[in-house]
Amino acid sequence: MTDPSPMETAAAADVPTELTDGYHLVVDALKMNDVDTIYGVVGIPITDLARLAQAQGIRYVGFRHESNAGHAAAIAGYLNKKPGVALTVSAPGFLNGLVALANATTNCFPMVQISGSSERHLVDLKQGDYEEMDQLTAAQPFVKAAYRVSRVEDIGRGIARALRTAISGRPGGVYLDIPAAVLGAIMDKEAGARTLSRLVDPAPRQLPAPEAVDRAIELLAGAERPLVVLGKGAAYAQADAKIRAFIESTGIPYVPMSMAKGLLPDDHPQSAATARSLALKKADVVMLVGARLNWLLGHGEAPQWNPDAKFVQVDIEPKEMDSNQPIAAPLVGDIESVLDVLAERTKPGQIATPAAWRDELKARSAQNVAKMAKRLEADPHPMQFMGALKAVRDVVHEHPETYIVNEGANALDIARNVIDMHVPRHRLDSGTWGVMGIGMGYAIAAAVESGAPVVAIEGDSAFGFSGIEIETICRYKLPVVTVIMNNGGVYRGDDVNPYDDAPSPTTLMSAARHDLLIEAFGGKGYRATTPAEVTAALTEALASGGPALIDCVIDPSAGTESGHISHLNPKGITVGNITPAKK
């Protein structure tokens, strides 16, 4: 074989090389790893990234505010058990998205926020670049991990690392910083393709130690008043049949946390949800499945809990054990694997629940259900939360495929007790942080990811955090019905400013017409002042399959300060003892 002639070498040098750039490599890396949807807000420097993603077959859902796009990505991660992706611009847009990213981390939702950023050499010398900010440093305290891609040839590695980190172990939020210069950088297309990789087993099974399982079995087998607490981690695991098999084979009563409602139907005979206080106060052995002993469970402390209770905890994060109470039987592993090993190592009939304990809880449940039934049957005027929410419940029961999104104070607390769930992962709410503003983002993502109808039950105050996204709902023609509990205030609408005629700190507009807002964007608005009107409006709205909003006019005096968590308000000098200053 002879060497090429000088003429042949020159001819080869003139053949143009096919090129790619950072934008294409980001999209190619996402597609290679099965990312099919991006939620975001465009602007410098990521507008063309969204356009290219859409052109390459990735669904792009554009929002009006980055926080709402981030919440959508987070709940998509929860529903799909794979990282949701949010896209934001630099600096202010990045910070807006960071609220949702931090919330995803707190709630253990797999999510990746990709943000464009300013030129590194200008940021590092603080030379005042457009939207200058050291975003990587800003993100680190609030997320599971934060990474920056500094070279175009590292984009594939950065995407893969971010996705794996978000979903592996305990899921959480991951920040990925891509400077504008990297997005616009050009390289050989073939060489660029070689920098991309597809993740292999990003969330591997984690099996518990056999001796740990045996310890838990022994503890549960000796219990007189056992209890299982199901958290949203149990719903996220999508091990529904195995969780149900364990519950039913052992006869252990269970209490679902709010986003675990529907993992087993709320009317299941072993549900102790309607006898929750008694169950927690008297249980002697408690098995936590994807639930943490944080503030939502009173940190496991007396008097809410039996001071002598022993805890079995199933969690993928070893550091969670003993965080609030000593864990007598820690089961470190993913929930499905733990249940598999439990089933393998438990002898038939080894774990059984005494009938006296089940009967005690059933009796208390019957009492509480009867009390609730009386409250629900009342029909006072003006309309109360109970009447409006009973109407919503009855309509939704006819549409079990419907997702319920819920936020607010009283709107959240009362809806959680009134609207029972029968399908897993169909109740989405404020979660561990109790953050307001998740409503429209969660509702949009639930509709986009599932195609099923969504009913977003919002307090009028909570709706204000993300209400502009009803334009997004209308723009994408999503089957979302927003139901606003409108009592004209934060908590309630009858507070008075004793100083002058300015609104009090908790007062909103009593005459607000939220129903007219959605009509401005082409959706259907309803105003309801009675439960019968709520029923008619929701029935029609769900049948239409399109965007709708129902403004439920509630008695301004309905509701309590801070809902069910008023005990968290510091006790200082009471408002009643404050003398208004003289003008």
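Among the residues of the stretch 342-361, those identified as farther than 13 Å from Arg225 by Cα and either open to solvent by 60 Å² or more (accessible area, probe 1.4 Å) or without any contact (Cβ under 8 Å) to a residue 12 or more places away in the chain (or both) are Ala343, Glu344, Arg345, Lys347, Pro348, Gly349, Gln350. Here Pro179 meets each of (1) within 34 Å of the chain's Cα centre (by Cα); (2) surrounded by fewer than 19 Cβ atoms within 10 Å (Cβ to Cβ) with one exception, condition (2).
When the residues of the stretch 522-543 are filtered to those that are touching a helix residue (DSSP H, G or I) at 6+ places or on another chain (Cβ under 6 Å) and among the β-branched types (Val, Ile, Thr), the one that is farthest from Val396 (Cα to Cα) is Val534.
Looking only at the stretch 25-39, count every residue that is part of a helix (DSSP H, G or I), open to solvent by 10 Å² or more (accessible area, probe 1.4 Å) and either touching an Asp or Glu at 6+ places or on another chain (Cβ under 9 Å) or in contact (Cβ under 8 Å) with a residue 60 or more places away in the chain (or both) and tell me the total. It would help to see each step written out before you state the result.
First pass over the stretch 25-39, keeping only residues part of a helix (DSSP H, G or I): 25-32.
With the extra rule that they be open to solvent by 10 Å² or more (accessible area, probe 1.4 Å), the set shrinks to 28, 31-32.
From what is left, the residues that are either touching an Asp or Glu at 6+ places or on another chain (Cβ under 9 Å) or in contact (Cβ under 8 Å) with a residue 60 or more places away in the chain (or both) are 28, 32.
Total meeting the criteria: 2.
Residues in the stretch 448-468 that are more than 24 Å from Thr507 (Cβ to Cβ) and surrounded by 24 or more Cβ atoms within 10 Å (Cβ to Cβ): Val454, Val455. Of Ala145, Ala160, all but one fail to be at pLDDT 95 or above, open to solvent by less than 30 Å² (accessible area, probe 1.4 Å) and touching a strand residue (DSSP E or B) at 6+ places or on another chain (Cβ under 8 Å); the exception is Ala145.
Take the stretch 85-112 and flag every residue that is among the hydroxyl-bearing types (Ser, Thr, Tyr) and open to solvent by less than 10 Å² (accessible area, probe 1.4 Å). Lay out the reasoning, then the answer.
Taking the stretch 85-112 as the starting set, the residues that turn out to be among the hydroxyl-bearing types (Ser, Thr, Tyr) are 88, 90, 105-106.
Answer for the stretch 85-112, where residues must be among the hydroxyl-bearing types (Ser, Thr, Tyr) and open to solvent by less than 10 Å² (accessible area, probe 1.4 Å): Thr88, Ser90.
Somewhere in the stretch 121-132, is a residue assigned to a helix (DSSP H, G or I), open to solvent by less than 50 Å² (accessible area, probe 1.4 Å), at pLDDT below 95 and not β-branched (Val, Ile, Thr)? Yes, the stretch 121-132 has at least one match.
When you check Arg64 against the structure, is it part of a loop (DSSP other than H, G, I, E, B), of a type in the set (D, E, K, R) and farther than 21 Å from Ala160 by Cα, yes or no? Yes, satisfied.
Only residues that are of a type in the set (A, V, I, L, M, F, W, C), in a loop (DSSP other than H, G, I, E, B) and touching a residue at least 40 places away in the same chain (Cβ under 8 Å): list them for the stretch 420-440, please. Passing the criteria: Met421, Val423, Trp433, Val435, Ile438.
If I go through the stretch 483-499 residue by residue, how many of them are open to solvent by less than 10 Å² (accessible area, probe 1.4 Å) and part of a loop (DSSP other than H, G, I, E, B)?
Final tally of qualifying residues: 2.
Take the residues in the stretch 206-234 that are open to solvent by 60 Å² or more (accessible area, probe 1.4 Å) and under 23 Å from Ser168 (Cβ atoms); name whichever of them is farthest from the chain's Cα centre (by Cα). Out of the qualifying residues, it is Leu207.
Based on this model, can you work out whether Leu196 counts as over 18 Å from Ile75 (Cα atoms), touching a residue at least 24 places away in the same chain (Cβ under 8 Å) and aliphatic (A, V, I, L, M)? So that I can check it myself, show each step before the final result.
Details: over 18 Å from Ile75 (Cα atoms): yes; touching a residue at least 24 places away in the same chain (Cβ under 8 Å): yes; aliphatic (A, V, I, L, M): yes.
It is true that Leu196 is over 18 Å from Ile75 (Cα atoms), touching a residue at least 24 places away in the same chain (Cβ under 8 Å) and aliphatic (A, V, I, L, M).
Of all residues assigned to the stretch 431-446, at least one qualifies as being within 19 Å of the chain's Cα centre (by Cα), on the phi > 0 side of the Ramachandran plot, open to solvent by 10 Å² or more (accessible area, probe 1.4 Å) and not acidic (Asp, Glu).
Scanning the stretch 522-564 for residues that are open to solvent by 10 Å² or more (accessible area, probe 1.4 Å) and hydrophobic (A, V, I, L, M, F, W, C) yields Ala532, Ala536, Leu542, Ala543, Val553.
A single member of Ser258, Ser271 is within 20 Å of Thr402 (Cβ to Cβ) and buried (at least 17 other Cβ atoms within 10 Å of the Cβ), and it is Ser258.
Can you find, within the stretch 276-328, the residue that is least open to solvent (accessible area, probe 1.4 Å) among those that are basic (Lys, Arg) and touching a residue at least 24 places away in the same chain (Cβ under 8 Å)?
Arg292
Does Ala343 qualify as being touching a strand residue (DSSP E or B) at 6+ places or on another chain (Cβ under 8 Å) and not acidic (Asp, Glu)? Spelling it out, it is not the case that Ala343 is touching a strand residue (DSSP E or B) at 6+ places or on another chain (Cβ under 8 Å) and not acidic (Asp, Glu).
For the stretch 469-478, which residues satisfy the criterion of being open to solvent by 10 Å² or more (accessible area, probe 1.4 Å) and not in a loop (DSSP other than H, G, I, E, B)?
Going through the stretch 469-478, the residues open to solvent by 10 Å² or more (accessible area, probe 1.4 Å) turn out to be 471, 474-478.
Passing the criteria: Glu471, Cys474, Arg475.
Return a yes/no flag: does the stretch 196-214 have any residue that is modelled with pLDDT of 95 or more, of a type in the set (S, T, N, Q) and out of contact with any helix residue (DSSP H, G or I) (no Cβ under 9 Å at 6 or more places or on another chain). First the steps, then the outcome.
If we filter the stretch 196-214 for residues that are modelled with pLDDT of 95 or more, which is where we start, we get 196-214.
Next, from what is left, pick out any that are of a type in the set (S, T, N, Q): 197, 206.
Restricting the remaining residues to those that are out of contact with any helix residue (DSSP H, G or I) (no Cβ under 9 Å at 6 or more places or on another chain) gives none.
No: the stretch 196-214 contains no residue that is modelled with pLDDT of 95 or more, of a type in the set (S, T, N, Q) and out of contact with any helix residue (DSSP H, G or I) (no Cβ under 9 Å at 6 or more places or on another chain).
Of all residues in the stretch 387-400, those satisfying the criterion of being within 21 Å of Gly262 (Cα to Cα) and part of a helix (DSSP H, G or I) are Leu389, Lys390, Ala391, Val392, Arg393, Asp394, Val395, Val396, His397.
No other residue among Val152, Val200 is surrounded by fewer than 15 Cβ atoms within 10 Å (Cβ to Cβ) and among the β-branched types (Val, Ile, Thr) apart from Val200. Taking His65, is it open to solvent by 20 Å² or more (accessible area, probe 1.4 Å) and closer than 18 Å to Arg198 by Cβ? In short, no. As a summary of the residue check, Ser450 satisfies the conditions (1) polar (S, T, N, Q); (2) in contact with an Asp or Glu (Cβ under 7 Å, 6 or more places away or on another chain); (3) over 16 Å from Ile554 (Cβ atoms) except for the one numbered (2).
What residue, of Ile38, Ile58, is of a type in the set (A, V, I, L, M) and in contact with a Leu (Cβ under 6 Å, 6 or more places away or on another chain)?
Working: Ile58 fails: in contact with a Leu (Cβ under 6 Å, 6 or more places away or on another chain).
Exactly one residue qualifies, and that residue is Ile38.
Applying the set (1) open to solvent by 60 Å² or more (accessible area, probe 1.4 Å); (2) under 28 Å from the mean Cα position of the chain (by Cα) to Leu339 leaves exactly one unmet item: (1). Would it be correct to say that Val483 is touching a strand residue (DSSP E or B) at 6+ places or on another chain (Cβ under 9 Å), in contact (Cβ under 8 Å) with a residue 60 or more places away in the chain and over 30 Å from Tyr60 (Cα atoms)? Taking the combined requirement at face value, the residue does not satisfy it.
The values are calculated or read from the model by the stated rules, or taken from the named source; none is laboratory data. This structure is a prediction, so every number in the text was calculated from the model and none was measured. Cβ coordinates were reconstructed from backbone atoms using ideal geometry, including for glycine residues, and neighbour counts include every protein chain displayed. Ligands, DNA and RNA are excluded from the accessible area calculation, which covers all protein heavy atoms including side chains. Shrake-Rupley method; radii C 1.70, N 1.55, O 1.52, S 1.80 Å.
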